[in-house]
Amino acid sequence: MTASRPDAPTSLREQVYVELRERIIEAEYPAGTRLVEREIADELRVSRVPVREAMQRLESEGFLSVQPRRGAVVTDFGPEDAAHLFDVRENLEGLAARLAARHASPEELRELEELLARARRAAESGRLREAVAFNADFHRAVVELSGNPLLVDLMAPLDSRLRRLFRLTSAQSDGEPMCGAHEQLYEAVHDRDEAAAESLARAHVAATRTSALRTLENRWNQAG
């Protein structure tokens, strides 16, 4: 299991969407960047139709906004956006951890443990971006281990926003404390301790919230 993009696009429309979304998440298109449909189509060597459809989807997901006389512009991700996201995360990920402790199979637990090991190795060797990617995979895996398709569907639209948030705030964070929190959560899930798993998941989200909001607020103050 490796840290990777969470989906494997098949259709041309999906490929264009994923490419543009990843460029925004990775800050190749920073906030305020104007995206021109014709230029992107020429660069990707596709027609303008899949580009237009991808940009419409990104607008609906909050990555782009259409502004008068400027067209499609990459949105910023500020403290208020992060606060709203964390409000939802704390409740849904707490529930996911409780259900994962109830339903995860031994094989699934081994895969989760391997993710943790990879994240730990990346953090200890200073490969922070890789550690952040593995840690994002860990969050996604816990949700999938809940065994609740509705919960998985509810979390899916948040995944890209979470990855963008992690990318924006990881440069000033240390990957090792995050690994430690995930290892504690893994132990609770492994031990089938539902109450502890939910409590640890909520506490981890709350701690991450404090750090991320501080980083974003500093960033906004410097920009202002």
Given (1) surrounded by fewer than 18 Cβ atoms within 10 Å (Cβ to Cβ); (2) farther than 23 Å from residue 141 by Cα; (3) hydroxyl-bearing (Ser, Thr, Tyr), identify the lone condition not met by residue 10.
(2)
With the requirement that a residue be farther than 21 Å from residue 10 by Cα, among the charged types (D, E, K, R) and in contact (Cβ under 8 Å) with a residue 24 or more places away in the chain, what does the range 21-34 give you?
26, 34
Go through 94, 126 for me and flag whichever is in a loop (DSSP other than H, G, I, E, B), outside the structural domain of residue 17 (by TED's automatic domain parsing) and of a type outside the set (Phe, Trp, Tyr).
126
Subset of the range 41-84, residues β-branched (Val, Ile, Thr), more than 26 Å from the chain's Cα centre (by Cα) and surrounded by 15 or more Cβ atoms within 10 Å (Cβ to Cβ), comes to 46
Taking the criterion of being crowded, with 22+ Cβ neighbours inside 10 Å and closer than 21 Å to residue 24 by Cα, would at least one residue in the range 174-183 satisfy it?
no
Residue that is farthest from residue 75 (Cα to Cα) [pool: residues in the range 35-52 that are without any contact (Cβ under 8 Å) to a residue 12 or more places away in the chain and among the charged types (D, E, K, R)]:
45
Can you report the number of residues in the range 105-154 which are at pLDDT below 95, out of contact with any helix residue (DSSP H, G or I) (no Cβ under 6 Å at 6 or more places or on another chain) and of a type in the set (S, T, N, Q)?
1
Under the condition of being charged (D, E, K, R) and touching a residue at least 12 places away in the same chain (Cβ under 8 Å), which residue from the range 53-80 is nearest to residue 211 (Cα to Cα)?
76
Exactly one of 206, 196 is surrounded by fewer than 17 Cβ atoms within 10 Å (Cβ to Cβ), assigned by TED's automatic domain parsing to the domain that holds residue 97, part of a helix (DSSP H, G or I) and out of contact with any Ser or Thr (no Cβ under 9 Å at 6 or more places or on another chain), and that residue is 206
So, in the range 155-173, exactly how many residues are surrounded by fewer than 20 Cβ atoms within 10 Å (Cβ to Cβ), of a type outside the set (A, V, I, L, M, F, W, C) and modelled with pLDDT of 85 or more?
2
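The values are calculated or read from the model by the stated rules, or taken from the named source; none is laboratory data. Owing to the predicted nature of the structure, the values given are computational and were not obtained by experimental measurement. No Cβ is skipped: glycine too gets one built from the backbone with ideal geometry, and neighbour counts run over all protein chains shown.
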